[in-house]
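Q: What follows is a single structure, and I will ask about it in a moment.
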Amino acid sequence: MTNHDAARESDPSTNELVERRYGAAHPGPLADGNATINLQLRHRSVRKFLPAEVTDAQLELIVAAAQSGSQSSNLQVWSVVAVRDQARKDRISAALGGHPYIEHCSVFLVWTADFNRNTRIVEAAHGTEVDSVGYLENTLVSFVDSGIAGQNALLAAESLGLGGVFVGSVRNNPLELSRELNLPEYVFPVVGLAVGVPDPTERASTKPRLPQRAVLHHEQYDAGAWESASREYEQHLADYYADYGRENYSWAFTLNRRIGSVEGMHGRHQIREWLAAKGFDSE
Ligand SMILES: Cc1cc2nc3c(=O)[nH]c(=O)nc-3n(C[C@H](O)[C@H](O)[C@H](O)COP(=O)(O)O)c2cc1C
């Protein structure tokens, strides 16, 4: 690799990053990119970490970025539990089915929908009971806002040279996780985020996404847009996985395994009961 190539590799242009995301077929962005967008375009999940710490100062910045995200009605109905203790990370991993990225990350962040704090505040200020937490709308509000916070956090971590992966399997066993983290009533684990210093030997890179015409509709939804776009993507993603030694990958097959039957939900079809057990009755 020449020095020029090395410089390009460390600081690729927006056009190159867009091409990595969509493949050569994409005509390229119409507008100029910038450092923020380039960071977003460079995202990849990191599941292999070096044994190095995310510092408390970095964590503080990451959470400040998370809290800077928009908040429905400024309710701020989420909290995050940062787990660094090795024995606790190991127990959490075991409870969720065993995930090396939880065991080996520096800090495991559990984003929770949290109506507990606001309920206490209203009760203390007004002496009245709060009775809307059980409605599905409020569950959705707290889940959406937790996701927005988590993504802001991951982007902030990536900007610091860290990496991470979201962990939806916290919802495989939310009640056990709630016991482990001492989550009170009206607090429910939404998603985990394993964060650490990326191990450069991990065999992964920019994972292709669907062609934009599949997801971007102008003025009205185009119900036929999926067809040619998904055929193209099927090949593109298969090529990506083949580069890492996984032959004959099929996205449609993976989708079918995940959404084709209830078995693909890893037990999460019971989530209504689990939510209710924590006060989110989802009426
Ligand atoms: C809400 C959410 C939950 C996820 N849960 C998991 C998980 O439990 N385990 C995992 O390995 N990756 C998980 N991921 C990561 C996705 O698999 C990953 O983002 C996707 O395959 C695209 O790859 P990329 O992030 O490298 O671009 C999750 C992502 C999101 C957004």
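Q: How many residues are touching a residue at least 60 places away in the same chain (Cβ under 8 Å), part of a strand (DSSP E or B) and under 20 Å from Val170 (Cβ atoms) if we restrict to the range 41-83?
A: Matching residues across the range 41-83 total 6.
Q: Name the single residue, out of those in the range 170-193 being within 15 Å of Ala276 (Cα to Cα) and among the hydrophobic types (A, V, I, L, M, F, W, C), that is most open to solvent (accessible area, probe 1.4 Å).
A: Checking each candidate, the answer is Leu175.
Q: Mind listing whichever residues of the range 44-74 are within 16 Å of the ligand (Cβ to nearest atom) and open to solvent by 40 Å² or more (accessible area, probe 1.4 Å)? Reasoning before the result, please.
A: Applying the first criterion (within 16 Å of the ligand (Cβ to nearest atom)) to the range 44-74 yields 44-49, 66, 69.
Selection gives Arg44, Arg47, Lys48.
Q: Could you look through the range 95-147, keep only residues that are in contact with a Pro (Cβ under 8 Å, 6 or more places away or on another chain) and open to solvent by 10 Å² or more (accessible area, probe 1.4 Å), and pick out the one that is farthest from Phe166 (Cα to Cα)?
A: Only one residue fits best here, namely Asn116.
Q: Sticking with this structure for a sec: Which pairs do you get when a residue that is within 30 Å of Gln270 (Cβ to Cβ) and among the acidic types (Asp, Glu), found in the range 152-179, comes within reach of a residue that is in a helix (DSSP H, G or I) and more than 10 Å from the ligand (Cβ to nearest atom), reach meaning Cβ atoms under 7 angstrom, with the pair 6+ apart or on two chains?
A: Glu176/Ala95
Q: Of all residues in the range 84-94, which are part of a helix (DSSP H, G or I), away from the ligand (no atom under 16 Å from the Cβ) and open to solvent by 70 Å² or more (accessible area, probe 1.4 Å)?
A: Quick first cut of the range 84-94, residues part of a helix (DSSP H, G or I) only: 86-94.
Restricting the remaining residues to those that are away from the ligand (no atom under 16 Å from the Cβ) gives 86-88, 90-91.
Once the filter is applied, which keeps residues that are part of a helix (DSSP H, G or I), away from the ligand (no atom under 16 Å from the Cβ) and open to solvent by 70 Å² or more (accessible area, probe 1.4 Å), the range 84-94 yields Gln86, Arg88, Arg91.
Q: Let me ask something else about it. Looking only at the range 255-283, count how many residues are in contact (Cβ under 8 Å) with a residue 24 or more places away in the chain, of a type in the set (A, V, I, L, M) and open to solvent by 50 Å² or more (accessible area, probe 1.4 Å).
A: Number satisfying all stated conditions: 1.
Q: Among (1) within 16 Å of the ligand (Cβ to nearest atom); (2) assigned to a helix (DSSP H, G or I), there is one condition Phe108 misses while meeting the rest; what is its number?
A: (2)
Q: Looking only at the range 156-181, count how many residues are more than 12 Å from the ligand (Cβ to nearest atom) and either hydroxyl-bearing (Ser, Thr, Tyr) or more than 22 Å from Asn138 (Cα to Cα) (or both).
A: 11
Q: Turning to a different aspect of this structure: If you take the residues of the range 252-274 that are hydrophobic (A, V, I, L, M, F, W, C) and over 20 Å from the mean Cα position of the chain (by Cα), which of them is nearest to Glu137 (Cα to Cα)?
A: Let us first name the residues in the range 252-274 that are hydrophobic (A, V, I, L, M, F, W, C), namely 252-253, 255, 259, 262, 265, 271, 274.
Retained after the next criterion (residues that are over 20 Å from the mean Cα position of the chain (by Cα)): 252-253, 262, 274.
Details: Ala252: 32, Phe253: 33, Val262: 24, Trp274: 17 Å.
The extreme case among them is Trp274.
Q: Of everything in the range 194-220 that's within 16 Å of the ligand (Cβ to nearest atom) and in a helix (DSSP H, G or I), which residue is surrounded by the most Cβ atoms within 10 Å (Cβ to Cβ)?
A: Selected residue: Ala214.
Q: Which condition breaks for Val167 when tested against (1) open to solvent by less than 70 Å² (accessible area, probe 1.4 Å); (2) touching a Lys or Arg at 6+ places or on another chain (Cβ under 8 Å); (3) closer than 21 Å to Val54 by Cβ; (4) of a type in the set (Val, Ile, Thr)?
A: (2)
Q: When you scan the range 221-249, how many residues do you find that are in a helix (DSSP H, G or I) and of a type outside the set (Gly, Ala, Ser)? Before the answer, list the steps.
A: Quick first cut of the range 221-249, residues in a helix (DSSP H, G or I) only: 226-243.
Next cut, of a type outside the set (Gly, Ala, Ser) only: 226-227, 231-237, 239-241, 243.
Going through the range 221-249 one residue at a time, the tally reaches 13.
Q: Now for a separate question. If Asp90 passes every condition in (1) in contact (Cβ under 8 Å) with a residue 24 or more places away in the chain; (2) within 20 Å of Asn182 (Cα to Cα); (3) among the acidic types (Asp, Glu) but one, which one does it miss?
A: Asp90 satisfies all of (1) in contact (Cβ under 8 Å) with a residue 24 or more places away in the chain; (2) within 20 Å of Asn182 (Cα to Cα); (3) among the acidic types (Asp, Glu) except (1).
Q: Right, next: Just one of the numbered conditions (1) within 28 Å of Glu158 (Cβ to Cβ); (2) within 16 Å of the ligand (Cβ to nearest atom); (3) touching a residue at least 12 places away in the same chain (Cβ under 8 Å); (4) not in a loop (DSSP other than H, G, I, E, B) is not true of Ala252; which one?
A: So Ala252 meets the others, but not (1).
The values are calculated or read from the model by the stated rules, or taken from the named source; none is laboratory data. Just so you know, these numbers come straight off a predicted model, no measurement behind them. Because the Cβ atoms are built from the backbone with ideal geometry, glycine has one as well, and the counts that use them run over all protein chains shown. Side chains included, ligands, DNA and RNA excluded: accessible areas come from the protein's heavy atoms. Shrake-Rupley method; radii C 1.70, N 1.55, O 1.52, S 1.80 Å.
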